[in-house]
Amino acid sequence: VAALFIFFVVLQVQYLFGGEANITETGFTYSEYARRGFSELVAVAVISLLLYLGLGEISRRESPRQRRAFSLLSVLLMALVLVILASAFQRLLLYETAYGFTRLRTYSFIFIPWLALLLLATIIFEIIRQPGRFGPALLLAALGFGLTFGALNVDGLIARLNVQRAVRGEELDGVYLTTLSSDAVPALVEMYRQPSLPKDLRAELGVVLACRQALEGNQPAAKWKELSLSAVRAEGLMEQVSAELRAYPVWQENGIWQVRVDGTPRNCFGELRIN
């Protein structure tokens, strides 16, 4: 299996790390290139770990030579999976550069480092002859993956990174920012207030905030069981910029929320109808 992996990595190095060349020369779209890389990574990692654990239970390792051979091949297998993991991370980065961050893409970015840590821990435990520690390492990796979402504030991170990407000259998907949860509001308000922000980008963020404010103001009052610290904080921040947001009047017509920007009406949510 290790020999097969080596042959695959050497033979497919252009496919694994070709990056932009695979988009322009082989006909892949950014989405296809990134998603195939991630799905291949998950499949290879799961199969490799199951193979390692299964062979660890049934393999005969009575002599020092047998133990060294098994450890060497196991470490080599995990190292090759890490190479494929690096390829998947590079593909996702290329995808984000082209289209920006979404929740699913961000989840994948968070998943890859934790999987890398699990593979590195597996290698270390095999080298020090402590394979029984894999179970606790797997549990810690899964726990860390879940806790990372709370620590990072995923929606806020998405808003910040996408605006920073727009500052560098890329297109900003304001419609997607409008659909993010209240966790994104602090980052949106903070960047909207930055005096160095380009005028057109500031106007786009003003539209996002004005549409959010109008939609939330049209919703029935939240019950006490539905309140959250994030929502309360977002409401306070929206109040602070409400006077500035009057420059972007919002109204509802035929079930569609519209906003006026420099005298020109446009839909708040693209083609999305809000009833």
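Loop only by DSSP, 16 or fewer other Cβ within 10 Å of the Cβ. Give me the GluC sites (Glu not before Pro) in the range 171-212 that pass, ordered by residue number.
Those that pass, being in a loop and sparsely packed, are E171.
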The range 55-97 and the range 133-166 have their Cα centres apart by a whole-number Å value of 24 Å
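Which trypsin sites (Lys or Arg not before Pro) in the range 84-182 pass both tests, a DSSP loop state and at most 13 other beta-carbon atoms within 10 Å?
Sites meeting the loop and neighbour criteria: R129, R168.
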Counting only residues 5 or more apart in sequence or on a different chain, those whose built amide H sits under 5 Å from that of V261 are R266
Residue-ordered couplings for the range 150-167, obtained by feeding phi - 60° into the Karplus form 6.51 cos²θ - 1.76 cosθ + 1.60 and rounding to whole Hz (Gly and Pro as x), are x, 5, 8, 6, 4, 5, x, 5, 4, 4, 5, 5, 5, 5, 4, 5, 5, 4
Whole-Hz Karplus couplings 3J(HN,Hα) for the range 186-196, θ = phi - 60° and coefficients 6.51, -1.76, 1.60, Gly and Pro as x, run x, 5, 5, 5, 4, 6, 4, 7, 5, x, 7
Going residue by residue through the range 88-98, the Karplus relation 6.51 cos²θ - 1.76 cosθ + 1.60 with θ = phi - 60° gives ³J(HN,Hα) values, rounded to whole Hz and with x marking Gly or Pro, of 5, 5, 5, 5, 4, 4, 5, 5, 5, 4, 7
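Every number in this text was worked out from the coordinates using simple rules, so none of it is lab data. Bear in mind that the values here come from a model prediction, so they are computed numbers and not experimental data. Every residue, glycine among them, receives a Cβ derived from its backbone with ideal geometry; neighbour counts consider all protein chains shown.
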